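The values are calculated or read from the model by the stated rules, or taken from the named source; none is laboratory data. Everything quoted here is computed from the prediction, not taken from an experiment. In this analysis, Cβ positions are derived from the backbone assuming ideal geometry, glycine residues included, and neighbour counts consider all displayed protein chains.
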C-alpha cells in the first residue's frame, strides 16, 4: 500500500512537472558532469557553471562579458589606506531561494558571508571537513589561508576583512567562484538534521536560478528564482544536458535538442556556422599555451639558444592543424583581452635559416632534446601531441632531434615542475580572475620556481616589477610595470609562447541575451528565447 | 575413432586432409586470401605506401578521398587533420594490428597451455588454486579489466598487449585443462606411462599434440579478438598512443571530425572490420577442417 | 539441487575475496595521484599535498588500508569518490538501472532475431539464405562496435535525423525516477509521448550493443540445431510424417536451445564489456561510462568499488545461469 501511494505521489509530481515542461525552457548542452554543487570544493569549470553561476552570488561580480568588477551582494566597499582592510556593505533585502527542500526565514546578512569563508580555512569549523576528503582548492590556490587575518561582523549588513598584507588582486579574487555566498541558515538546518553532505548535493543560494534536481551524469534542472534580487529571469526553466562528447553536443544542437552548447570541436565550427538556425559566438579565451624550456639546464640556460628554437617553430601551423585556425599565435605570456597587454612587443620571427645560424653561433651542434606533450586536451591546447609532432618536424629542419615524451596527467603536472626536468614542456594556463598578476607572477615569478614556473626561470628585474605591481592598487601604474615585464620576458624567452585559443559558443538563433565571458564561464542570467 | 585417426594421421596425409576440408569452405579461402593480402601489404609497407605514414603535408589538411568531390588521386583515401595520407597510415596500421594479434596469441597460448597442462595433469590443490585465479579473472568484463590494467601499467601498445593477453589467458587454460583431463585417462597415455615415460614427456609429447585442434581454433579467435580489443583500447585512449598509426587510435583521433570529414572515421574502422572478418572466416574454416565431430556431418 | 547451489555459493566467497584483493591492489598500483589532479595546472604545495593524503587516509600502510576496506565492505560501504565525494554505492545504484535497461533490451533483441535466424539457417542449410544469414552474422561478430556506433550516429541521427543523438529521454520530460528504468518510469509518469521518446533514445544503443551477442546466438543456434536435426529422434519424428514445423519447433528447437541458453548466459560479461564502449559513444549514463570516466579521472575509490560491484554482478548472474541450466537440462544431475 505504501508503495502504491509513493507511486501515486510520484505520478502527481510528474504531472505537475509536465505542465511546466511546456513553459519557456532553455537547454544547455554542458561538457561534463559537475563534480558537486559546493563551488568551494572544486576547480572544474562545469562545476562552476552548474553551481556558482546559477545558484549563487558573490560579494562582487565580474561584469557580464568582462573582467571588470562590479557590486554583487555587496553594494559598496571601502579599502583602508594601507590596503589591508576591506569593509563591505551588504545589499539589503536579498532573499535566499525557497525550494522543496528548504524554506528560508531570514534574508542575507553578515553571518552568511562569514560562514561562507570560514568553513574554507578554519579547521575547527564543522563544515571544514563535511564531506569525505573535503579540500578547498581555490581558496588555498589563491593564497587566502596566508592572506586573511580575520573576517568580522560589524553589523548585520557590514563585514570587515582584515588582510596580513596589501594584495592588489584581492577584490578580483572575491569575484571568483569559490567566494560564493551560501546560506548559514540552510547549513545549520542540514547540520541539525545530520545531513551535512546535502549542502554539496542540493545547493541553495541567492542566485538567479533555483536548483530542482540532478540526474547523475544526465541532466541538471533549475527554475528561475522568482525572488531574485535583480529581478526574475525571462526563461522559466533551465536544463543542463550533460553531453561529454563534443561531436555529439554539436549534433544535439543541430537537431534542436539543446539551445546552447559548450566547447565545440574546432573542426566543427565551420560546419556549425553554415547552419542557418545557429549563430556561433566567438571570443579570445583568457588563456595561453606555451612551451617552457628548462632554463636551469644547458644549453637551454642561454637566451640565444631558446630564441633560436623559438624562431624555428612555425606557430601558425600549430594554430591551423591543432585548432583548425581557432586560435591566435601568442607573443606575450598574457592574452590580448587582458589589461596591460603590450602590443608593442615583437614576436620572434619564424625563420629556420636564421635559427640554424643562431644555434651554430651559440656553439650548439647536433642538439637532442625532449618535448613533453600533455596527455589531455585543455582549452588552451586541444592536442599537445599533434603540436609536439609539428614542432618535432620543424626542429628537425634545423638539425635538432626531438623526442616526444608524455606521462599520465597527474604525473605530468608533478614531474614538469621539477627543477631538473629533462626537456621542454608544453603547458598552459587559464586565467582565474582577469588580473595580469594571475599570469605573470603566478607562472614566471621567482617564488614559483619548482612549482608553477615550469621554465624554472628567475629573473631579478622581472621579479622586482611583479612585487612593485602587487603593492599598489593604481591600475595605470600597475599597467606600466606589467608592460615592461613583458618586454623583459620576450628578450629572455623562457617560453615559446604558442597560442591563445578562441572560445566558441554555438547557439540557436532564437536565443537572445547570451553573452560570452572571457573567464570561460557560462552564465544564463539575462538569456531569453524568442518565440 | 576420430581421435585415433588424427594421432596416426601424421604430416603428409594430415596436411592434405586439412586442406581438403579447409578449401571446401569458400568463405575460409576468401578470408585466407584477404589475410594474405593484408599480410603482404603489412610486410612490404614501406615499399607499397605512396607516402610516409608520418609525413605531414600542410597544404592538404583533411583532404577528401580521390573518388569524392575535391579529392586528389595522390591521396587515394584522403588525408587526416595534419595532412597525413590515410591509405599509407592504414597500411602501416596493418603491421601493428597483425603484430598485436601475433604477440597476444603467442603470449596467451604459451602461458595458457602451460598453466592448463599443469592444472589438468596434476589436479588436486594446484588445479583448484589455478582455476580459482582464472575464475577471478573471468569475473571481470574483459575490456574493463584490460582498461584498468593498462591504466595501471601506463597507456601504450606493449602494455595493451600484455593486458589483453592476460584477460585471454583463462580461455586457454580452461581449454587445455579440459582436453588434458579427457586425454590423460585414455589408453595411449596409460600405455606410455606404463612404458615409463616421464611427466614432462607425457605432458608435452604425448598429451599436448592431441589437444591441439581446439587450441588452434581458439587461437584464431583470440587473434581477431585481440585486434578488436587493442583497437577498442586505442579508441578509449589507453592503447597505442598517437602518432602511432594504430587503427583504433586513428579512430579516436578522428572522432572530432565525424561532422566534417567522414573519411577519417570510416576507413580505419573498415580496416579493422575487414581484417577481423578475414581472420574469423579462416577460423571457421579451421574449425571445420580440424573438428572431427563436425567433419562427419 | 540445493546442495549444488550452496556449493557454488561457497566457491563464490573465496573468489570474491580474490576479486577484492585484485581490485584493491590495482588501484594502489595506479600511477598518478588523484590529489595532484585536484588543483589542475596550479601546483599544490608539498605540505598541503601531504595534509590531503593524510585526510584521505592514503598515507597509511597498504595492509591497514585493505583491512579497513574489507571491514567497510562488510558494512556495505564501498568508499566515496575522491572527485565527487559521493558514496560509490549510491552512484552505482543510481546508474546501474540504465545499464540493465540497455543490456536487457540488447539481449532481448539478440535472442529475438538470433534464434530464428539460426533456426532458419540450419533448416535451409547450404542455401543462399543460410550463407547470407551466416555471412551477416560473421560480419556482426567481427564488428568493432565503437566504430559501428559512430557510423549509426552519423547516418541515423546526423544525416536522416530519425533518432536522437544521446541521452535516455527527451529533456522535455521530467519525472522522478521510480524504478530507474526509463521505459517503465516514462509509462508510470503518464506524460503523453514520454514512452515513445524513451524508445527512440534507446534504439541505436540497443542495436550497437546487441550486434555481437546477436551474431554469437545466431551462429550457436544454427550449429546446435544442425546437431539436433541429425539425431535419431528427429529423423524418427520426420519419418513418422509429423509436419516439419512441429518437428523443428517442438522437438528439435527445445533440445537445441539448451546450449544456446548457456551462450546467452555467457553474454553477460560480453554485454558489460560492450556497454563500456556503447555507453561512451552514446553518453548513456550507465556504469560502463562511469567506470571509463573514473579510470581517466584517477578516481581510486570509484574504480575499486565499481570493479567489485561489477564482478559481483557477473558472478551472481553466472550462478543463476548454472542453476537454470540444471533445471532445463534434466540430463545433468547434481
Review point. Given the structure, is residue C:171 outside any helix (DSSP H, G or I), more than 30 Å from residue B:282 (Cβ to Cβ) and over 20 Å from the mean Cα position of the chain (by Cα)?
Key: yes
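To keep it simple, each residue is scored yes or no on (1) part of a loop (DSSP other than H, G, I, E, B); (2) within 13 Å of chain A (Cβ to nearest Cβ); (3) surrounded by fewer than 20 Cβ atoms within 10 Å (Cβ to Cβ).
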site: C:4; (1), (2), (3): no, no, yes
site: C:23; (1), (2), (3): no, no, no
site: C:44; (1), (2), (3): yes, yes, no
site: C:90; (1), (2), (3): no, yes, yes
site: C:109; (1), (2), (3): no, no, yes
Practice item. Would you check if there is a residue in segment B:129-138 being more than 23 Å from residue C:272 (Cα to Cα) and either more than 15 Å from the chain's Cα centre (by Cα) or surrounded by 17 or more Cβ atoms within 10 Å (Cβ to Cβ) (or both)? Key: yes
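Would you confirm, using the coordinates I've provided, whether residue A:429 is within 19 Å of the chain's Cα centre (by Cα), within 14 Å of chain C (Cβ to nearest Cβ) and buried (at least 22 other Cβ atoms within 10 Å of the Cβ)? Explain how you work it out, then say what you get.
Details: within 19 Å of the chain's Cα centre (by Cα): yes; within 14 Å of chain C (Cβ to nearest Cβ): yes; buried (at least 22 other Cβ atoms within 10 Å of the Cβ): yes.
So residue A:429 passes the test.
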Review point. Filtering segment A:34-51 down to residues that are within 8 Å of chain C (Cβ to nearest Cβ) and modelled with pLDDT under 90, which residue is surrounded by the most Cβ atoms within 10 Å (Cβ to Cβ)?
Key: A:35
Practice item. Sort out which residues of segment A:370-404 are farther than 20 Å from residue A:312 by Cα and in contact with a strand residue (DSSP E or B) (Cβ under 9 Å, 6 or more places away or on another chain), and write them in order of number. Key: A:374, A:378, A:379, A:380, A:382
Exercise for review: Answer yes or no as to whether residue B:284 is over 27 Å from residue B:69 (Cβ atoms), facing another protein chain (nearest Cβ under 10 Å), buried (at least 24 other Cβ atoms within 10 Å of the Cβ) and within 15 Å of the chain's Cα centre (by Cα).
Suggested key: no
Review point. Looking at residue C:242, is it farther than 30 Å from residue A:409 by Cβ and not in a helix (DSSP H, G or I)?
Key: yes
Review point. Here are some conditions: (1) closer than 29 Å to residue C:181 by Cβ; (2) surrounded by 15 or more Cβ atoms within 10 Å (Cβ to Cβ). Residue C:116 meets all but one. Which one does it not meet?
Key: (2)
Review point. What are the residues in segment B:160-179 that are within 24 Å of residue C:277 (Cα to Cα) and buried (at least 20 other Cβ atoms within 10 Å of the Cβ), if any?
Key: B:160, B:161, B:163, B:164, B:165, B:167, B:168, B:169, B:170, B:171
Practice item. Please enumerate the residues belonging to segment C:154-177 that are over 21 Å from residue A:238 (Cα atoms) and either more than 7 Å from chain A (Cβ to nearest Cβ) or surrounded by fewer than 17 Cβ atoms within 10 Å (Cβ to Cβ) (or both). Key: C:154, C:155, C:156, C:159, C:160, C:161, C:162, C:163
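Every residue in segment B:74-100 that is more than 27 Å from the chain's Cα centre (by Cα) and closer than 16 Å to residue B:48 by Cβ, please. Walk me through how you get there before you give the answer.
Within segment B:74-100, the subset more than 27 Å from the chain's Cα centre (by Cα) is B:74-76, B:78-84.
Scanning segment B:74-100 gives B:74, B:75, B:76.
Answer with yes or no whether residue A:418 is assigned to a loop (DSSP other than H, G, I, E, B), within 14 Å of chain C (Cβ to nearest Cβ), at pLDDT below 95 and out of contact with any strand residue (DSSP E or B) (no Cβ under 6 Å at 6 or more places or on another chain).
On the way: assigned to a loop (DSSP other than H, G, I, E, B): yes; within 14 Å of chain C (Cβ to nearest Cβ): yes; at pLDDT below 95: yes; out of contact with any strand residue (DSSP E or B) (no Cβ under 6 Å at 6 or more places or on another chain): yes.
Spelling it out, residue A:418 is indeed assigned to a loop (DSSP other than H, G, I, E, B), within 14 Å of chain C (Cβ to nearest Cβ), at pLDDT below 95 and out of contact with any strand residue (DSSP E or B) (no Cβ under 6 Å at 6 or more places or on another chain).
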Check your understanding: For segment A:400-414, how many residues meet the condition of being out of contact with any helix residue (DSSP H, G or I) (no Cβ under 8 Å at 6 or more places or on another chain) and touching a residue at least 40 places away in the same chain (Cβ under 8 Å)?
Key -> 1
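For segment B:204-238, what are the residues that are more than 7 Å from every other protein chain (Cβ to nearest Cβ) and under 21 Å from residue C:282 (Cβ atoms)?
Going through segment B:204-238, the residues more than 7 Å from every other protein chain (Cβ to nearest Cβ) turn out to be B:204-223, B:225-227, B:229-230, B:233-234, B:237-238.
Across segment B:204-238, the qualifying residues are B:229, B:233, B:234, B:237, B:238.
From the list A:121, A:86, exactly one residue is within 22 Å of residue A:152 (Cα to Cα) and within 13 Å of chain C (Cβ to nearest Cβ). Which is it? Break it down stepwise before answering.
Details: A:86 fails: within 13 Å of chain C (Cβ to nearest Cβ).
Just one listed residue meets the conditions, A:121.
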Review point. Is there a residue being free of Cβ contacts under 8 Å to residues at least 40 places away in the same chain and either within 14 Å of chain C (Cβ to nearest Cβ) or assigned to a helix (DSSP H, G or I) (or both) anywhere in segment A:159-181?
Key: no
Check your understanding: Taking into account only those residues within segment A:212-223 that are touching a strand residue (DSSP E or B) at 6+ places or on another chain (Cβ under 6 Å) and more than 7 Å from chain C (Cβ to nearest Cβ), which is surrounded by the fewest Cβ atoms within 10 Å (Cβ to Cβ)?
Key -> A:213
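Would you check if there is a residue in segment C:293-301 being more than 14 Å from chain A (Cβ to nearest Cβ), in contact with a helix residue (DSSP H, G or I) (Cβ under 8 Å, 6 or more places away or on another chain) and at pLDDT 75 or above?
Within segment C:293-301, not a single residue is more than 14 Å from chain A (Cβ to nearest Cβ), in contact with a helix residue (DSSP H, G or I) (Cβ under 8 Å, 6 or more places away or on another chain) and at pLDDT 75 or above.
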**Study point:** Residue among C:278, C:221, C:211, C:263 that alone is more than 14 Å from chain A (Cβ to nearest Cβ), within 15 Å of the chain's Cα centre (by Cα), under 27 Å from residue B:171 (Cα atoms) and at pLDDT 80 or above
**Key:** C:211
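Before we move on, is residue C:52 more than 23 Å from the chain's Cα centre (by Cα), part of a helix (DSSP H, G or I), surrounded by 20 or more Cβ atoms within 10 Å (Cβ to Cβ) and within 14 Å of chain A (Cβ to nearest Cβ)?
Working: more than 23 Å from the chain's Cα centre (by Cα): yes; part of a helix (DSSP H, G or I): yes; surrounded by 20 or more Cβ atoms within 10 Å (Cβ to Cβ): yes; within 14 Å of chain A (Cβ to nearest Cβ): yes.
When the stated conditions are applied, residue C:52 passes them.
Could you tell me which residue of segment A:244-274 is nearest to residue C:162 (Cα to Cα), considering only residues that are part of a loop (DSSP other than H, G, I, E, B) and within 14 Å of chain B (Cβ to nearest Cβ)? Talk me through it step by step, then tell me what you get.
Taking segment A:244-274 first, the residues part of a loop (DSSP other than H, G, I, E, B) are A:244-245, A:255-259, A:262-265.
Checking which are within 14 Å of chain B (Cβ to nearest Cβ) leaves us with A:244-245, A:255, A:263-265.
Working: A:244: 21, A:245: 20, A:255: 10, A:263: 25, A:264: 22, A:265: 23 Å.
Step by step, filter segment A:244-274, then rank; the result is A:255.
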Study note, to complete from the structure: Filtering segment B:82-106 for residues that are in contact (Cβ under 8 Å) with a residue 60 or more places away in the chain and in contact with a helix residue (DSSP H, G or I) (Cβ under 6 Å, 6 or more places away or on another chain) leaves a count of 12
Practice item. Go through segment A:434-483 and give me each residue that's surrounded by fewer than 22 Cβ atoms within 10 Å (Cβ to Cβ), modelled with pLDDT under 90 and either part of a loop (DSSP other than H, G, I, E, B) or touching a strand residue (DSSP E or B) at 6+ places or on another chain (Cβ under 9 Å) (or both). Key: A:447, A:450, A:451, A:472, A:473, A:474
Study note, to complete from the structure: Subset of segment A:212-238, residues in contact (Cβ under 8 Å) with a residue 60 or more places away in the chain and more than 30 Å from residue A:71 (Cβ to Cβ), comes to A:214, A:216, A:217
Practice item. Report yes if some residue within segment C:69-81 is touching a strand residue (DSSP E or B) at 6+ places or on another chain (Cβ under 7 Å), within 11 Å of another protein chain (Cβ to nearest Cβ) and within 25 Å of residue C:286 (Cα to Cα); otherwise report no. Key: yes
Check your understanding: Within the set of pairs 6+ apart or on separate chains, which have a first residue in segment B:262-279 that is facing chain C (nearest Cβ under 9 Å), a second that is not in a helix (DSSP H, G or I), and C-beta atoms under 7 Å apart?
Key -> B:265/B:258; B:269/C:144; B:272/C:144; B:273/C:142; B:273/C:143; B:273/C:144; B:276/C:142; B:277/C:142
